[in-house]
1. Explain nothing, just compute: Karplus ³J(HN,Hα) = 6.51 cos²θ - 1.76 cosθ + 1.60, θ = phi - 60°, for every residue of region 174-180 in order, whole Hz, x for Gly and Pro.
2. Longer than 25 Å from Cα to Cα, which of Lys240/Lys292; Lys240/Lys268; Lys260/Lys292; Lys29/Lys226; Lys29/Lys195; Lys137/Lys226 are they? Say none if no pair is.
3. Cut-off is 10 Å between beta-carbons; in what order do Glu168, Glu83 appear when sorted fewest neighbours first?
4. Across 5 Å bins from 0, what is the distribution of all Cα-Cα pair distances for region 87-137, in whole percents?
5. Taking H placed 1.01 Å from N in the peptide plane, check which residues at least 5 places from Arg263 or on another chain put their amide H under 5 Å from its amide H.
6. In what order do Ile182, Ile255, Ile293, Ile22 fall by count of nearby beta-carbon atoms within 10 Å, going from fewest to most?
7. Taking the alpha carbon gyration tensor of the chain, what are the square roots of 5 times its eigenvalues, largest first, to the nearest whole Å?
8. Which value in deg cm²/dmol, rounded to the nearest 500, describes the helix-derived mean residue ellipticity at 222 nm for the chain, given -39,500 (n - 2.57) per DSSP H run of n ≥ 4 and division by the residue count?
Amino acid sequence: MNTAARSNGGPAPAVPAGSVEIRPGPFVKWAGGKSRLLSAFDRLLPPGFDPSRGRYFEPFVGGGALFFHLAPARAVLSDSNPELVNCYQVVRDRVEELIALLREHKNDRQHFYKVRSLSPAGLSAAERAARLIFLNKTCFNGLYRVNSRGEFNVPFGRYDNPRICDGENLRAVSARLRDVEILCLPFEQTVRRAKAGDFVYLDPPYQPVSATANFTGYTATAFGDKDQERLAAVFSQLSKRGCLVMLSNSDSPVIRELYKDFRIAEVKASRAINCKAERRGRVSELVIMNYKI
């Protein structure tokens, strides 16, 4: 898997003369995405970090809302989901091929299940990326979930007219990712090179606050209590190293205890993933920081 910055696709597409430059944003909908929290995050970001000069690490990239919002000049993005990482790399390196493939897909129930049944192992990198984006745009609630065998298992979403191919945004994202390092690694390895002054944002699968809110199905291996403890240890190590560290998680006694030695702020987030509709809506989440704001 390609782990370096843009290596095989040449320069990103140029913006045509006289056109309006598109501000890139997330190209997939990901559970726990932070797009609606960006205004709250603005007051919680490390005051000493300059995106135009500093280095940014995000080892649970998901939809990448904060990355696109900050637009750091230097960044390392990673995730443990190989399909998502491949998608980012294809958007960066082969965006025109991806756009052409996406235009072949249609919002049709039979077509959806045919594409869902395909094994990513038998597809090219670009075909895998187009498959993920298509399923993400047309599946129920835009939810990415896999079973214990790593197979995507979300049903058809029945949207009237989903935008399967947003070529303008994909091209803008490709340009933004041009010099970004994109990895498929465990979070410990991703942040191993982070140094004093670097900004590390950690957005792991959340600690469940109830049985019905338990969603960690981004990969075949769930993110459990021991993983939360490992992450808290890495947070402490990064803090001792002089990194600027910010972490999002659920407002639970477990998380408050794990990070009791750091600054904790509460934010209200709109969440839609719960099997009971009455439990969806605005919930309290925690933002943990090792710096003063």
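1. The phi angles translate into 4, 5, 5, 7, 3, 10, 8 Hz.
2. Lys240/Lys268; Lys29/Lys226; Lys29/Lys195; Lys137/Lys226
3. Details: Glu168 13, Glu83 20.
Least to most surrounded, the residues fall as Glu168, Glu83.
4. In whole percents, the pair-distance histogram is 4, 23, 34, 25, 12, 3, 0.
5. Met289, Tyr291
6. Ile293, Ile22, Ile255, Ile182
7. 30, 24, 17
8. -9000 deg cm²/dmol
We did not get these values from a lab; they are worked out from the coordinates using the rules stated. None of the values given here were measured: they were computed from a predicted structure. Neighbour counts run over all protein chains shown; Cβ positions are idealised from the backbone, glycine included.
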